[in-house]
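A.B. asks: My questions will all concern the structure given below.
The values are calculated or read from the model by the stated rules, or taken from the named source; none is laboratory data. Please read these numbers as outputs of a predicted model, since none were measured by experiment. Every residue, glycine among them, receives a Cβ derived from its backbone with ideal geometry; neighbour counts consider all protein chains shown. These accessible areas exclude ligands, DNA and RNA; they are computed on the full protein's heavy atoms, side chains included. Shrake-Rupley method; radii C 1.70, N 1.55, O 1.52, S 1.80 Å.
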Amino acid sequence: MKKSILNVLLFVFISVLGIQFTNAQEKMEPWPGVTKKVLTDNDKVTVSEVTFAPGAVADWHSHPNYSVYAVTDVKMKVEMKDKEPTVVEFKAGQVGWSEAVTHRTTNVGKKPFKAIVTEIK
């Protein structure tokens, strides 16, 4: 009986909040050694899982405001036009935030890295 009530309450909670559940889309490899799997894409956000092999480069691209969650340790070089390149490091579990940007990123670590990128629309 308690289990049935909990299931009904969970259904109502999800319905009231309008939580969206979506299936991950196919993985893409926009650049050699870089994979991107869109986890959800709606009118508010795009959430993607990205992986970079050692030395892989995501050539010049743009993001709207976005956050990054490091699934693994990350060590990457970030280049922006008219600025000196910088090396950015995140430990697994850390989160970063960036205003809209156009940049090129390179995995300068010795291991692949994985991150979740949430772009705000």
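A.B. asks: Within straight cross-link reach of K37, meaning Cα distance under 24 Å, which lysines are found once same-chain residues fewer than 8 apart are removed?
C.D. replies: K27, K75, K77, K91, K110, K111, K114, K121
A.B. asks: Just to verify a number: what accessible area does K81 come out at with the full protein assembly present, 1.4 Å probe, Å² rounded to tens?
C.D. replies: 130 Å²
A.B. asks: I've got another one for you. What's the extension gain from A100 to K83 if we count 0.36 nm per residue and subtract their Cα-Cα distance?
C.D. replies: Full extension of this stretch gives 4.6 nm more.
A.B. asks: Turning to a different aspect of this structure: Less than 13 Å Cβ to Cβ from A58, Lys/Arg counted +1 and Asp/Glu -1: what total charge do the surrounding residues give?
C.D. replies: Local net charge: 0.
A.B. asks: Quick check: the distance between the Cα centres of the stretch 81-121 and the stretch 23-71, to the nearest angstrom?
C.D. replies: Distance between centres, Cα-based: 11 Å.
A.B. asks: Determine ³J(HN,Hα), in whole Hz, for all residues of the stretch 89-97 in sequence, where each value follows from phi through the Karplus function 6.51 cos²θ - 1.76 cosθ + 1.60 and θ = phi - 60°; x replaces Gly and Pro.
C.D. replies: 10, 10, 8, 3, x, 7, 10, x, 10
A.B. asks: If you keep only loop residues by DSSP, which GluC sites (Glu not before Pro) in the stretch 23-95 have at most 12 other Cβ atoms within 10 Å of their Cβ?
C.D. replies: Qualifying residues, ordered by number: E26.
A.B. asks: Follow-up. Largest first, how would K77, K111, K27 line up by accessible area (1.4 Å probe)?
C.D. replies: In descending accessible area the options line up as K111, K27, K77.
A.B. asks: For every other residue with a beta carbon closer than 11 angstrom to the beta carbon of V38, add +1 if it is Lys or Arg and -1 if Asp or Glu, then tell me the sum.
C.D. replies: Net local charge, V38 excluded: -1.
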